[in-house]
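Notes for the one structure printed next.
The values are calculated or read from the model by the stated rules, or taken from the named source; none is laboratory data. Because the structure is a prediction, the values reported are computed rather than measured. Cβ placement follows ideal geometry from the backbone for every residue including glycine, while neighbour counts extend to all protein chains displayed. Please note that ligands, DNA and RNA were not included when accessible areas were found on the heavy atoms of the full protein model with its side chains. Shrake-Rupley method; radii C 1.70, N 1.55, O 1.52, S 1.80 Å.
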Amino acid sequence: MKTLSPRSFATVTDLFHRVSGIRLGPQKQALVAGRLQKLADESGERDLDRYVERLSSGHAPAEEMTRLVDRLTTNETYFFREPQHFEDLARRAGAAPAGEYTVWSAASSSGEEAYSIAMVLAESRGSTHWQVIGTDLSTTVVDAARRGLYPLDRARLTPPPLLKRHCLKGTGEYAGQLLVSRELRERVSFRVANLMQPLPKDLPAFDVIFLRNVLIYFETDAKAAIVRRVIERLKPGGVLYTGHAESLSMLGLPLRALAPAVHVAA
Ligand SMILES: C[S@@+](CC[C@H](N)C(=O)[O-])C[C@H]1O[C@@H](n2cnc3c(N)ncnc32)[C@H](O)[C@@H]1O
C-alpha cells in the first residue's frame, strides 16, 4: 500500500470535516490511506499525496469530493439493529390514533433501518396512511437504499414472519440476497441530506425519528447542533431514538429520556 504523508492526512481529514462535520483522528491514518488508495487509482493518480493535493486545490471535479465523502463515511448497518427500538416503535405505532404516521430514518445508510421501520408500520398500521423517509449524506448508500436489494445475512435479526411477509428471497443469480417487497418500497423514500446543514424545507413533521449510530462520529458542539436541528422536525410528543452507545446527557438539549436511547421533546 502507498503511504499518505501526515500533511496530506491533515488536508484530507480537514476537507472531510468541512463537508461532513466528522473529525477523523490520527488513529484513522491507515484506514484513510486504504480508502483513498482506490479513489486515487480510479482517478488515474497513483501517488496519494499528489491526489490529495489535486483534491484540495479545487481543480478536481465536484464528483471527486462526493466520492471522497462516500468512501470515508462508515456505513455499517443491518435490519433490526438494536431491536428494542423496533419493539418500542411497534407499541407506539399500534397505540397511536388513526391518521397519518411518519417516521424519519436520519442517517439511513443503505436503507436497512428504514425498511425495518416500514415492516413494523406495515404490521401495526396496516394499509392506513403511513410513510418512512430515509436520508443520508452519501449518494452511494442512498442509491443502494432505493434498490432495496441486500445480502441475506444483513437480515439475521429480522423476525422470520416479517422477513417472509415483506421480502422476496433471491434465486438463481440473486441467490443469497433478498429484495424488499414492492409494496414496502413504495412506502419508503430516500434522499440525500447533510445533517450538518439546514435540512430540506419540505421534510414533513415526524411522529418518530431514528438518529442512530451517527452522532458517535461528531464532536460535542456538532452533535448538539445536529440533534437540535433534527428534533425541530418532531411533532409535539414525538419520539427520538439514538444509538445505545450515544449519550445525549450533558448537551443541554430540550429532551427527556423515556428509556435508554429513547427521548421525547421536553
Ligand atoms: C453507521 S451508519 C448508521 C446507519 C443506521 N442509522 C444504523 O443505525 O444502522 C452512519 C451513517 O451516517 C451517515 N452520515 C455521516 N455524516 C452525516 C451527515 N453529516 N449527514 C447525514 N448523514 C451522515 C453516513 O453516510 C452513514 O451512512
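Per-structure values
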quantity: Residue 152 versus residue 182: modelled label distance in nm, points set 7 Å from Cα along the beta carbon direction; calculated: 2.4
quantity: Accessible area in the full protein assembly, largest first, 1.4 Å probe, for 235, 38, 164; calculated: 164, 38, 235
quantity: In order through segment 100-106: 3J(HN,Hα) via Karplus (6.51 cos²θ - 1.76 cosθ + 1.60), integer Hz, x for Gly, Pro; calculated: 3, 9, 10, 10, 10, 9, 7
quantity: 3J(HN,Hα) from dihedral phi, segment 21-36, Karplus parametrisation 6.51/-1.76/1.60, rounded to Hz, x for glycine, proline; calculated: x, 9, 9, 9, x, x, 5, 9, 4, 5, 4, 5, 4, x, 6, 6
quantity: Square roots of five times the Cα gyration tensor eigenvalues for segment 119-161, Å; calculated: 22, 18, 8
quantity: Largest to smallest principal axis extent of the C-alpha atoms in the chain, angstrom; calculated: 58, 54, 31
quantity: Helix 84-95 vs. the chain, principal-axis angle (Cα, 0 to 90°, nearest 10); calculated: 40
quantity: Cβ-defined net charge surrounding residue 22, 12 Å radius [Lys, Arg +1; Asp, Glu -1]; calculated: +2
quantity: Neighbourhood net charge (14 Å Cβ-Cβ; Lys/Arg +1, Asp/Glu -1) for residue 101; calculated: +2
quantity: Note, ³J(HN,Hα) from phi for segment 40-47, Karplus 6.51, -1.76, 1.60, rounded to Hz, x at Gly and Pro; calculated: 4, 4, 4, 7, x, 10, 7, 8
quantity: Extent along principal axes [Cα atoms of segment 87-226; Å; largest to smallest]; calculated: 48, 38, 25
quantity: Separation in nanometres of the label points that stand 7 Å from Cα toward Cβ, at residue 225 and residue 192; calculated: 2.0
quantity: Long-range HN-HN contacts of residue 246 with modeled amide H, under 5 Å; calculated: none
quantity: Gaussian network model of the chain, Cα within-10 Å springs - most flexible of 64, 113, 173; calculated: 173
quantity: Highest-MSF residue in the chain out of 149, 253, 195 [GNM, Cα springs under 10 Å]; calculated: 253
quantity: Using distinct alpha-carbon pairs, which all enter the 1/r mean, Kirkwood radius of segment 148-266 in Å; calculated: 16.6
quantity: Residue of 51, 174, 217 that the Gaussian network model of the chain assigns the largest fluctuation, springs spanning Cα pairs under 10 Å; calculated: 174
quantity: Alpha-carbon centroids, segment 61-100 and segment 195-224: separation in whole Å; calculated: 11
